[in-house]
1. Among the listed residues Val100, Val96, Val28, which satisfies the condition of being closer than 24 Å to Leu167 by Cα, in a strand (DSSP E or B) and modelled with pLDDT of 95 or more?
2. Filter the stretch 254-288 down to residues that are buried (at least 21 other Cβ atoms within 10 Å of the Cβ) and over 11 Å from Ala205 (Cβ atoms), then give me how many there are.
3. If you go through the stretch 164-191, how many residues are under 24 Å from Tyr134 (Cα atoms) and assigned to a helix (DSSP H, G or I)?
4. Restricting attention to the stretch 202-215, does a residue exist that is free of Cβ contacts under 8 Å to residues at least 40 places away in the same chain and over 30 Å from Leu180 (Cβ atoms)?
5. Under 6 Å between Cβ atoms, at least 6 apart or on separate chains: pull out the pairs that start in the stretch 50-63 with a residue that is touching a residue at least 12 places away in the same chain (Cβ under 8 Å) and end on any residue that is among the charged types (D, E, K, R).
6. What number goes with the only condition from (1) under 22 Å from the mean Cα position of the chain (by Cα); (2) not in a helix (DSSP H, G or I) that Ile302 does not pass?
7. Output the number of the condition that Asp86 fails; it satisfies all remaining conditions of (1) touching a residue at least 40 places away in the same chain (Cβ under 8 Å); (2) more than 24 Å from Glu195 (Cα to Cα).
8. Under 9 Å between Cβ atoms, which residue pairs at least 6 apart in sequence (or on different chains) link something in the stretch 232-246 that is in contact (Cβ under 8 Å) with a residue 40 or more places away in the chain with a partner that is exposed (fewer than 14 other Cβ atoms within 10 Å of the Cβ) and not in a loop (DSSP other than H, G, I, E, B)?
Amino acid sequence: MRILVTGGAGFIGSAVVRQAVAAGHDVVNLDALTYAACLDNVALVADSPLYAFEKADIRDRAALDRIFAAHAPDAVMHLAAESHVDRSIDGPGTFVETNVHGTYTLLEAARAYWAGQGKPQGFRFHHISTDEVYGSLPPDRSVKFTEATPYDPRSPYSASKAASDHLVRAWHETYGLPVLVTNCSNNYGPFHFPEKLIPVVILNALAGRPLPIYGDGSNVRDWLFVEDHATALLLVLARGRVGRTYNIGGDNERTNLELVRALCAILDRTRPKGQGSYADQIEFVTDRPGHDARYAIDATRIREELGWTPSVTVEEGLARTVDWYLANEPWWRALQDRQGVGHRLGVTA
């Protein structure tokens, strides 16, 4: 199968690219190389004859038409997106342009290509989205997001992703485009861009800086190891039912404070400080505007229909992530110089 992966130089996209090439698929990585992208993320497969790279913006219809014509993909995996909630608070326009208008432009290019090929039944447009479109859950751990949960986005980021989800489903219902949609919980792991919580905590701890936790740290997230997510995405592409949505979660709920303390304990073992614990650096800061209280995924559908379950516990995944960051300092040092990285964003409301 030849797969066109948008956003393949990003965090989740690069994990998909690496796994897809390893599985023997031809992969075309389409990425605009904005601030959060890094081609080092796909260095392991960059020299493979199965891999090709196209620098392009998903809002550029002419570029998309050229790429579809040149590579003739059997499937699209759409991961290109602006994804940092804090940045969406400061600059929502970029999120609307990329996540909404970009998805629309990609859908139209894919539809034109699909129709021009005679509407092959095997073609797939797989849209990768987030659980944040569902809004916020109550503290009751028995209540989780299902594929039937009504949308209730609370941030410019989640609203833009909700809009893109609706566009994809509308293109299926209106034009018959064979689509798949997945909504995932919070990802983490190697190559995680260093503006997100887990890498911020690891790198601030090593630098002796405060470990910022929004509010009182009681916000709950379900953590999904990125390699598990990539496996699930490729499985959905291969075996998912057209027009179907699949929720993908890690079944690893933790409060932000629990997560940060777990990271500190791992660092205390692997890179001990001279005195005290890294937890001594925890600092509670003003909460993010509109901060959702809790996310949790019910992954029953993907488990029962496709046989997927997460293989990495949060304890194992955090340890692997810390080890990766300790072993790959040149990678994250280079990214720390990019605009906004290492600075508090999203404080305007």
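The values are calculated or read from the model by the stated rules, or taken from the named source; none is laboratory data. On a predicted model such as this, the values are computed, not experimentally measured, just so you know. With ideal geometry, Cβ positions are generated from the backbone for all residues, glycine too; neighbour counts draw on all protein chains shown.
1. Unique residue meeting the criteria: Val28.
2. Of the residues in the stretch 254-288, 1 are buried (at least 21 other Cβ atoms within 10 Å of the Cβ) and over 11 Å from Ala205 (Cβ atoms).
3. Looking only at that region, the number is 11.
4. Taking the stretch 202-215 as the starting set, the residues that turn out to be free of Cβ contacts under 8 Å to residues at least 40 places away in the same chain are 207.
Filter once more, so that each one left must be over 30 Å from Leu180 (Cβ atoms): 207.
Yes; the residues of the stretch 202-215 include at least one that is free of Cβ contacts under 8 Å to residues at least 40 places away in the same chain and over 30 Å from Leu180 (Cβ atoms).
5. What qualifies is Leu50/Asp26.
6. For Ile302, the exception is condition (2).
7. The number of the failed condition is (2).
8. That search, which allows pairs on different chains as well, returns Gly243/Glu173.
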